[in-house]
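*Asks:* Got a structure here, written out as structure tokens. Questions coming.
The values are calculated or read from the model by the stated rules, or taken from the named source; none is laboratory data. All figures in this text were calculated on a predicted structure; none of them were measured in a lab. Ideal geometry is used to build each Cβ from the backbone, glycine not excepted, and the neighbour counts take in all protein chains shown.
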Amino acid sequence: MAPNIDVIAFDADDTLWHTESMYSNVEAKIIPILAPYQSQAIIEQVMHSNEIHNLEFYGYGIKSFILSLVESAVEISQSRIPSCDILRIIELGKEMLTAKIQLLEQTQPTLDKLSSSYQLMLITKGDLNEQEPKIKRSGLLGYFKYIDVLTDKTPSSYSSLLSRYGINPAQFLMVGNSLRSDIAPVLSLGGWAVYIPYSSSWSHENASIPESSKERYYEIKHLGELPDLLNHLVNQ
């Protein structure tokens, strides 16, 4: 079944630019701070548990991440952690908020190729006050006809978004590194999806692909393979 794609949407974090590695680097800096109180295995377990638990309170993003780290530090140290170490965690968060955007190697050449033939969209999730400056700093604004920051990526949020812009799901392709957020919701609406695994992925973003949707699901190794995949699909 050859798709008739009009709009290609891209996730941002770890699809167009590196993000997860920044989170991992901060966690690696936190472990020595908390090492006097617990083993590394327990520290990692508590940090992960609190981050997942707090999504319903703080949502996605750096601020949520740092608040969860502060909570974990207090919990792991049984409230013995000094204020200077709490301040260090907060400072790491500020550094994350202003960090230089590191584009994936294939991002700009791929967008150059596709922007002449398709309408491009950027769909990311998280804190609007965090994501908007990152998008501006990326230097990619000019490629996208539509840009949206969602609180979460669910079938309902995608459906509302496509309805607002008058986009037929059958003519919509989503590209991203998260099966849970980028791929499964779009497939459930009858859209197309291309999954690009990132080198390090958050387990919370895993999901299974129903057999009934697999004819509209593709996986590639890196973003640079997307134009050739689309040419193949259109001409098959």
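*Asks:* Name the pairs whose Cβ atoms lie under 9 Å apart, with the first residue in the stretch 146-157 and more than 17 Å from Ile135 (Cα to Cα), the second of a type in the set (S, T, N, Q) and in a loop (DSSP other than H, G, I, E, B), and 6 or more positions between them or separate chains?
*Replies:* Lys153/Ser178; Ser157/Thr151
*Asks:* Let me ask something additional. Regarding Asn50, is this residue surrounded by 13 or more Cβ atoms within 10 Å (Cβ to Cβ) and either over 20 Å from the mean Cα position of the chain (by Cα) or not assigned by TED's automatic domain parsing to the domain that holds Ile196 (or both)?
*Replies:* yes
*Asks:* Among the candidates Ile42, Ile30, Ile90, which residue alone is surrounded by 18 or more Cβ atoms within 10 Å (Cβ to Cβ), assigned to a helix (DSSP H, G or I) and not assigned by TED's automatic domain parsing to the domain that holds Glu130?
*Replies:* Ile30
*Asks:* Given the structure, is Ser199 in contact (Cβ under 8 Å) with a residue 60 or more places away in the chain, closer than 23 Å to Thr110 by Cβ and touching a Phe, Trp or Tyr at 6+ places or on another chain (Cβ under 7 Å)? Write out each step before concluding.
*Replies:* Working: in contact (Cβ under 8 Å) with a residue 60 or more places away in the chain: yes; closer than 23 Å to Thr110 by Cβ: yes; touching a Phe, Trp or Tyr at 6+ places or on another chain (Cβ under 7 Å): no.
So Ser199 fails the test.
*Asks:* Next question. I'd like to know if the stretch 216-227 contains one or more residues that are surrounded by fewer than 14 Cβ atoms within 10 Å (Cβ to Cβ), farther than 21 Å from Met22 by Cα and among the aliphatic types (A, V, I, L, M).
*Replies:* No, every residue in the stretch 216-227 fails to be surrounded by fewer than 14 Cβ atoms within 10 Å (Cβ to Cβ), farther than 21 Å from Met22 by Cα and among the aliphatic types (A, V, I, L, M).
*Asks:* Across the stretch 163-194, which residue is surrounded by the fewest Cβ atoms within 10 Å (Cβ to Cβ) among those that are β-branched (Val, Ile, Thr) and assigned to a strand (DSSP E or B)?
*Replies:* Val194
*Asks:* Please go through the stretch 143-162 and pick out each residue that is in a helix (DSSP H, G or I) and touching a helix residue (DSSP H, G or I) at 6+ places or on another chain (Cβ under 9 Å).
*Replies:* Passing the criteria: Tyr143, Pro155, Ser156, Ser157, Tyr158, Ser159, Leu162.
*Asks:* For the stretch 1-26, how many residues are without any contact (Cβ under 8 Å) to a residue 40 or more places away in the chain and in a helix (DSSP H, G or I)?
*Replies:* 1
*Asks:* Any idea which of (1) over 21 Å from Phe65 (Cβ atoms); (2) assigned by TED's automatic domain parsing to the domain that holds Ala193; (3) not aliphatic (A, V, I, L, M) is the one Thr124 doesn't satisfy?
*Replies:* With respect to (1) over 21 Å from Phe65 (Cβ atoms); (2) assigned by TED's automatic domain parsing to the domain that holds Ala193; (3) not aliphatic (A, V, I, L, M), Thr124 is out only on (1).
*Asks:* Within the stretch 112-132, take every residue that is at pLDDT 95 or above and over 21 Å from Pro169 (Cα atoms) and give me the one that is surrounded by the most Cβ atoms within 10 Å (Cβ to Cβ).
*Replies:* Once the filter is applied, the top-ranked residue is Lys113.
*Asks:* Just to be sure, is Tyr37 modelled with pLDDT under 95 and surrounded by 15 or more Cβ atoms within 10 Å (Cβ to Cβ)? Working first, answer last.
*Replies:* Details: modelled with pLDDT under 95: no; surrounded by 15 or more Cβ atoms within 10 Å (Cβ to Cβ): yes.
Criteria not met by Tyr37.
*Asks:* While we're looking at this one, here's another question. Kindly provide the set of residues from the stretch 141-151 that are surrounded by 14 or more Cβ atoms within 10 Å (Cβ to Cβ) and among the charged types (D, E, K, R), ordered by number.
*Replies:* If we filter the stretch 141-151 for residues that are surrounded by 14 or more Cβ atoms within 10 Å (Cβ to Cβ), which is where we start, we get 143-144, 146-150.
Matches in the stretch 141-151: Asp148 only.
*Asks:* Ile209 - would you say it is over 17 Å from Asp14 (Cα atoms), at pLDDT below 90 and either in contact with a Lys or Arg (Cβ under 8 Å, 6 or more places away or on another chain) or surrounded by 16 or more Cβ atoms within 10 Å (Cβ to Cβ) (or both)?
*Replies:* The answer is yes for Ile209.
*Asks:* Follow-up. Looking at (1) modelled with pLDDT under 90; (2) part of a helix (DSSP H, G or I), which is the only condition Tyr198 fails?
*Replies:* All conditions pass for Tyr198, except number (2).
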